[in-house]
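**Student:** Dropping a structure here in C-alpha cells format, bear with me for questions.
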Amino acid sequence: MTNQRKSMRFIGCLLAVFMLAVVFCLPALADSASSNTYTIPDTNMTVTIPEGATVLSVDTPAGDAAWSKAGILDASEKIKEMQKNGTTAEIIAANGDTIAVAAKASNYANSVFNLNNLDEKGKKDFLKYMEPSSMDGSTTGTITWYDHEQIPFFMIDICAENIKEEGPVYERLYGTLYDGKIVSFDLFGDTKEISEETDAFMRAVVDSAVISAFAEAPTIENGLSRQSAVTLGAVGVLIVLLVVYFVTAHSRNKREKQLRKETADRLAEYRRSKQDDESVGTGALRFVNETDHDDAAIKTFANYQAYHLQIFMPVFTVILSVIALYVVWQLGNFDSNWWVMLLLIGFAIYSLYKLATASTNTAKVLMRSYGKLRSRRAAYYFYDGDFRITGLQASNLHPYFQISRMYETNEYFYMYFGEGNTYFIRKDGFKQGDADAFRTFMKEKLGKRFK
C-alpha cells in the first residue's frame, strides 16, 4: 500500500512538472509558430518563412535585437529607407540574400484588379505593359509567367548597366496582381547573376503564399468605372476644345480675309471719289477730340488689350494644358510618359508667364513706337461722312466703314483698324461735342461693330 502511494505521488509530480512545462513553453511555441509566417499588410496574403530566414518589417521596433542579428546597425535609418522605397518587409536568408516585399496600388493595377480575371489577350497585354525597359537602352529584361496554386505570378529578370562599377547589375522579381495591388518579392543580385540557390529561396517564399480571400472588383456602372468615365470625359473635353478652336479660328480667318478684301475695294472707291483731296471731311463737323498718348494712357490701353481683348488664347492654352496633364496623370505609366508630363507642365508655365507679362510687353512695344514720333498728341475730327486724324501721322481722311471694331471703357473709346492698328480717344478730351453724343453718333455709324 505504501509503495502504491509513493507511485501515485511520483506520477502526480511528473504530471505537475509536465503541466508547468507546457504552460511555460506554450508562449515560446506560439512565438515560434508566428515567426514562421508573415502576413503582408492590407493584402490578405500570408507567406511561410523558410527555415533560418528572418523577417524584418517597417513595424519591427528599432530596438529589436533581430536588426543587429541581421547585420543592420542603424535600424531607424533602415526603416526610413524601406518606407521611402514602399517596402513593407525584408526576408533575409541565412546567407544574407534579401527579398524586399512590397504591395503597391496604382490606377493600372486597379483597372486589371485580379490576374485571375484576364483572358489570353489580357495576359499578353499585361506582360507587355510590365516588360522591363528604359528609353536609353541601359535596362533590359524578360518577363514570364510563374505557376501558383491560387493566382498567376510573373517573374521578371532585369539587367541594368552599373554606372559605379564595371559590369551589369542583376535583379529578379516575382509578383502578382489582385485586389487592385501588385504584390512583389524583389531581390537585387548586384553584379552577380541570381544563383539557383537564391532562386530556390525566392520560389519557396512565393510557393508558400496563401491568399485568404479575394475582394470583389469595383462595381462598373454603364460599362465604365467612375474614374475611367472622368478620364474619358476629360479626353472628350480636350478633343472638343481643340476642334472648336480650329474650326472657329478657320472660320474667323476666312471671314476676316473676306472683310479685308471688301474693305480694300470700298476704300479704293472712296479714294477715287475724293479725287486725292483728303484735307476736308464730308458734311458738317460734329466732334473734335484731342488725346495725349502719355505713358499712363499707353499702360491703360495695354491692360485693356491684354486682359480684355486678347485674354482668350492664354487662358485657353492654360486650360488645355491642365486637362491634358490630368489625362496623362490618369493614364499612369510615368516611366514612359514623363517627358509628356514635363512638356505639358512647361507649356502651362509658359502660358501663365505670357498671361502675366502680356500687358507689360504690349506697353513696351507701344512706348517704343510712340517714342519715335515727334508728338504723342492726336487730334480727331469727326464729320457726318468721314473723319480725319492728325498729330500721330500725316493728316488723312478715313471712311467710317474702315473701322473694324470700336470698344468703350470708363476713360476711353478704342477705335480699331483691323487688329494691328488702334487709336484711343480720351472721353474728357472733346473740344467739340461730348462723350455721350459721340457714343450715340458712332453706334449709328458702326452698328454691331461698336461694343
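**Student:** In what sequence, highest mean first, do 201-210, 62-71 appear when ranked by Cβ atoms within 10 angstrom?
**Tutor:** On the way: 201-210: 17.6, 62-71: 12.5.
Order by mean packing, descending: 201-210, 62-71.
**Student:** Moving on to the next point. Report the Cα centroid-to-centroid distance between segment 60-130 and segment 143-216 in angstrom, as an integer.
**Tutor:** Taking the Cα centre of segment 143-216 as reference, the centre of segment 60-130 is 10 Å away.
**Student:** Another question, then. Determine the dipole magnitude for segment 267-416: charges of +1 sit on the beta-carbon of Lys and Arg, -1 on that of Asp and Glu, nothing else is charged, the reference point is the Cα centre, and the result goes in debye to the nearest 20.
**Tutor:** Details: 14 positive and 13 negative charges, 67 e Å.
Its charge dipole is roughly 320 debye.
**Student:** Follow-up question, since we're still on this one. From zero up to wherever the largest Cα-Cα distance of segment 114-160 sits, split into 5 Å bins and tell me the percent of pairs in each.
**Tutor:** Going out from 0 Å in 5 Å bins, segment 114-160 shows 5, 20, 27, 21, 13, 9, 4, 1 percent.
**Student:** If r is the Cβ-Cβ distance from Cys159 to Phe214 and R0 is 35 Å, what FRET efficiency results, to the nearest 0.05?
**Tutor:** Numbers: r = 34 Å, r/R0 = 0.96.
In this case the efficiency is close to 0.55.
**Student:** Heavy-atom accessible area per residue, segment 247-310, 1.4 Å probe: how many Å²?
**Tutor:** 67 Å²
**Student:** Based only on Cα atoms, what Rg/Rh ratio does segment 41-149 have, Rh being taken as Kirkwood's radius?
**Tutor:** Details: Rg = 17.3 Å, Rh = 16.8 Å.
A ratio of 1.03.
**Student:** Still on this structure, please answer the following. So what is the accessible area of segment 326-451 per residue, in Å², with the probe set to 1.4 Å?
**Tutor:** On a per-residue basis, segment 326-451 sits at 55 Å².
**Student:** Taking amide H positions as placed 1.01 Å from N in the peptide plane, with prolines and chain starts having none, which residues 5 or more places from Phe417, or on another chain, fall under 5 Å of its amide H?
**Tutor:** Ser404, Thr422, Tyr423
**Student:** Short version: what are the Cα gyration tensor semi-axes of segment 309-451, square root of 5 times each eigenvalue, largest first, in whole Å?
**Tutor:** 44, 18, 12
**Student:** Which three extents, in angstrom, do the Cα atoms of segment 135-215 have along their principal axes, listed largest first?
**Tutor:** Each principal axis gives a Cα extent; for segment 135-215 these are 45, 31, 18 Å.
**Student:** Based on the alpha-carbon gyration tensor of segment 89-146, what equivalent-ellipsoid semi-axes (square roots of 5 times the eigenvalues) come out, in whole Å, largest first?
**Tutor:** In descending order, the three semi-axes are 25, 18, 12 Å.
**Student:** Report the per residue volume, in Å³, of the convex hull enclosing the C-alpha atoms of segment 69-224.
**Tutor:** 156 Å³
**Student:** One quarter of the convex hull surface, Cα atoms only: what value does that give for segment 366-418 in nm²? Working shown, then result.
**Tutor:** Working: hull surface 17.7 nm².
If you wrap the Cα atoms of segment 366-418 in a convex hull and average its projections, you get 4.4 nm².
**Student:** Over the Cα atoms of segment 272-313, Rg to Rh with Kirkwood Rh, two decimal places?
**Tutor:** Answer for segment 272-313: 1.24.
**Student:** Further, regarding this structure: Can you order the peptides 180-190, 245-255, 87-97 by their average number of other Cβ atoms within 10 Å per residue, highest first?
**Tutor:** Final packing ranking: 180-190, 87-97, 245-255.
The values are calculated or read from the model by the stated rules, or taken from the named source; none is laboratory data. Nothing here was measured: the structure is a model prediction, and the numbers come from that model. Cβ sites come from the backbone with ideal geometry, for glycine too, and all protein chains shown count toward neighbours. Accessible surface is based on the protein model in full, side chains and every heavy atom, while ligands, DNA and RNA are left aside. Shrake-Rupley method; radii C 1.70, N 1.55, O 1.52, S 1.80 Å.
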